[in-house]
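Data first, discussion second: the structure below is written as structure tokens.
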Amino acid sequence: MPFVQRVLEPKFLSRTSLRDENGKPRVTDEELQAVTNCTLSNALRQLASLVLLAEDIFSELTSQLEGITERSKCARTKIEFIHELVEKYDPKIVPV
């Protein structure tokens, strides 16, 4: 089972109580707009963090795939060399 390399958890964007214990609105309209702006900016911040994490994942994946490509080229070279040896082999020449 693979080990965890990255953990991505959403955080609370804005946690404010809009009403007090008596039921009266705690936030006026201007403050509500400020809370909305804060929530949107925190959402953008979380999305930016997600983009950075995705970029890290894709760069790591790219480097791993480049390594696989190099190993595949090496294996192909060896296979072509063996293929040439087999093509040159003439069983009539070998004494029994």
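The values are calculated or read from the model by the stated rules, or taken from the named source; none is laboratory data. Predicted model only: the values in this text are computed from it and were never measured. Counting neighbours? That spans all protein chains shown, and the Cβs are built from the backbone with ideal geometry, glycine included.
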Pairs returned, first residue in the stretch 60-84 that is under 30 Å from ARG6 (Cα atoms), second residue that is loosely packed, with under 10 Cβ neighbours inside 10 Å, beta-carbon separation under 7 angstrom, 6 or more apart or interchain, are none
Under 6 Å between Cβ atoms, at least 6 apart or on separate chains: pull out the pairs that start in the stretch 30-52 with a residue that is closer than 22 Å to GLU9 by Cα and end on any residue that is hydrophobic (A, V, I, L, M, F, W, C). THR39/LEU13; ASN42/LEU13; ALA43/LEU13
When you check ARG76 against the structure, is it surrounded by 11 or more Cβ atoms within 10 Å (Cβ to Cβ), basic (Lys, Arg) and part of a helix (DSSP H, G or I), yes or no? no
Look at THR69 and say whether it is modelled with pLDDT of 95 or more, hydroxyl-bearing (Ser, Thr, Tyr) and either assigned to a helix (DSSP H, G or I) or surrounded by 12 or more Cβ atoms within 10 Å (Cβ to Cβ) (or both). yes
Residue under question is SER49, and the condition is that it be in a helix (DSSP H, G or I), among the small types (Gly, Ala, Ser), modelled with pLDDT under 95 and under 17 Å from ARG6 (Cα atoms); does it hold? yes
Output the residue which, of all residues in the stretch 1-34 that are part of a helix (DSSP H, G or I) and either under 36 Å from the mean Cα position of the chain (by Cα) or surrounded by 10 or more Cβ atoms within 10 Å (Cβ to Cβ) (or both), is modelled with the highest pLDDT. GLN33
For the list (1) surrounded by 11 or more Cβ atoms within 10 Å (Cβ to Cβ); (2) of a type outside the set (A, V, I, L, M); (3) within 18 Å of the chain's Cα centre (by Cα), I need the number of the one condition that ASN37 fails. (3)
